[in-house]
1. With a 1.4 Å probe on protein heavy atoms only, work out how much accessible surface B and A bury together, total over both chains, in Å² to the nearest 100.
2. What number of lysine-lysine pairs in the range B:9-76 show an alpha-carbon separation below 16 angstrom, given a sequence spacing of 8 or more or placement on distinct chains?
3. Run the dipole for chain A about the Cα centre, Lys and Arg Cβ at +1, Asp and Glu Cβ at -1, nothing else charged, and hand back the magnitude in debye, nearest 20.
4. Over the Cα atoms of the range A:24-162, what Rg and Dmax result, in angstrom?
5. Picking from B:GLN117, B:GLN132, B:GLN86, which is most flexible by a Gaussian network model of chain B using Cα springs under 10 Å?
6. Given a 1.4 Å probe and the protein chains all in place, what does the accessible area of A:SER146 round to, in Å² to the nearest 10?
7. Which value at 222 nm does chain B reach when only helices count, each DSSP H run of 4 or more adding -39,500 (n - 2.57), with the total divided by all residues and rounded to the nearest 500 deg cm²/dmol?
8. Could you list log10 I(q)/I(0) for the range A:66-138 at q = 0.28 Å⁻¹, which the Debye formula gives when each Cα is one point scatterer?
Amino acid sequence: MSGMEKLVIREGKKEDCTQIRGLIQELADYEKTPDGPKISADTLIQDGFGEKQFFHTFVAEIDSKLVGFSLYFYAYSTWEGRAVYMEDIYVQPDYRGKGIGTKLWKSVVGAGLAQGCTRCNFQVLNWNAPSIDYYKRQGATDISESEGWLAFRMTHDAMKAFVKKGESAS
Amino acid sequence: VKIRPAAKEDCKQIRELIQELADYEKMPDGPKITAEDLEKDGFGDQKFFYTHVADLDSKLVGFVLFFYTYSTWEGKSVYMEDLYVQPEHRGKGVGTKLWKSVVSAALDTGCSRCNFQVLDWNKPSIEYYKRQGAVDLSAAEGWLSFRLHKEQMVKMVQS
């Protein structure tokens, strides 16, 4: 496929948010959860390019078209200190098998190392065998398997109910 | 017991509580960072985490360490990295007060999720988290946690 010589991997900009929102939708479709993404491109602009940045991105661009992205943020381990967490990594199907995903992931890891991070964490769905194999080939460990970690979550409604609980009694 | 945001001066005691939690998790050699690392990373120009502590007459009997994260589906979220209360102070709601203080701060910040992890053998904690309304996403959705350690990170960028 032509255009690979024009591939640019760079940090995401405010102006990329509309396209990034499009790619987020494609990734949700791939994960079989198309109604998942609730946020808009405007929210991405506000949260990623405002006063406090809640995330950072790298994008893969060919002739002004974004064909992939990675979204990450900094985290912390009380054991090993600064860590980088890769929330999303996605390359459009037509552009896979050319190392673009690996370039995007390397960019995140490089940014993490530059910030003094000693870990790169992420999650993957247990049915996503191709991704699991790829991550392991790149040296990542399944710590759910090796250490027994389970991912827990409180939804927004659960959070609100939780802070209200016992208020009258306290 | 007073629940309050931690100050830089609390880092030595927090480091000790981190050690106690690691001992409880049966991984005493886990924590490699120092109190100075906590001071630099939590109280410097760029804050990598926030903490609230349970203070009983200037002695810290518990702490919660958290930071803000992002979901491309629901936006701003909070991640609770550590929640710990010393054994002799348990059963009095201190842990719940610490957790609530994180959730409250997160709601004020506009977060729509509170995420955390728990070890699969830690039945008491699993039961407690579920009672408070949290869901096991590994069971419900099939999420697996993956990690690249520093050596693998260095190897990757050099390849």
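1. Values: alone 10930 and 11560 Å², together 15250 Å².
Looking at B and A, the buried total is near 7200 Å².
2. Details: B:LYS12/B:LYS32; B:LYS12/B:LYS40; B:LYS12/B:LYS59; B:LYS32/B:LYS40.
Number of lysine pairs found: 4.
3. Working: 21 positive and 23 negative charges, 47 e Å.
Magnitude of the dipole: close to 220 debye.
4. Considering the range A:24-162 through its Cα atoms, Rg and Dmax are 16.0, 49 Å.
5. B:GLN132
6. Its heavy atoms expose roughly 80 Å² to the probe.
7. Values: 6 runs with 62 residues, N = 159.
The per-residue figure over chain B is -11500 deg cm²/dmol.
8. So the normalised log intensities are -1.35.
The values are calculated or read from the model by the stated rules, or taken from the named source; none is laboratory data. Since the structure is predicted, the reported quantities are computational estimates derived from the model, not experimental observations. Because the Cβ atoms are built from the backbone with ideal geometry, glycine has one as well, and the counts that use them run over all protein chains shown. The area values use the complete protein model at the heavy-atom level, side chains included, leaving out ligands, DNA and RNA. Shrake-Rupley method; radii C 1.70, N 1.55, O 1.52, S 1.80 Å.
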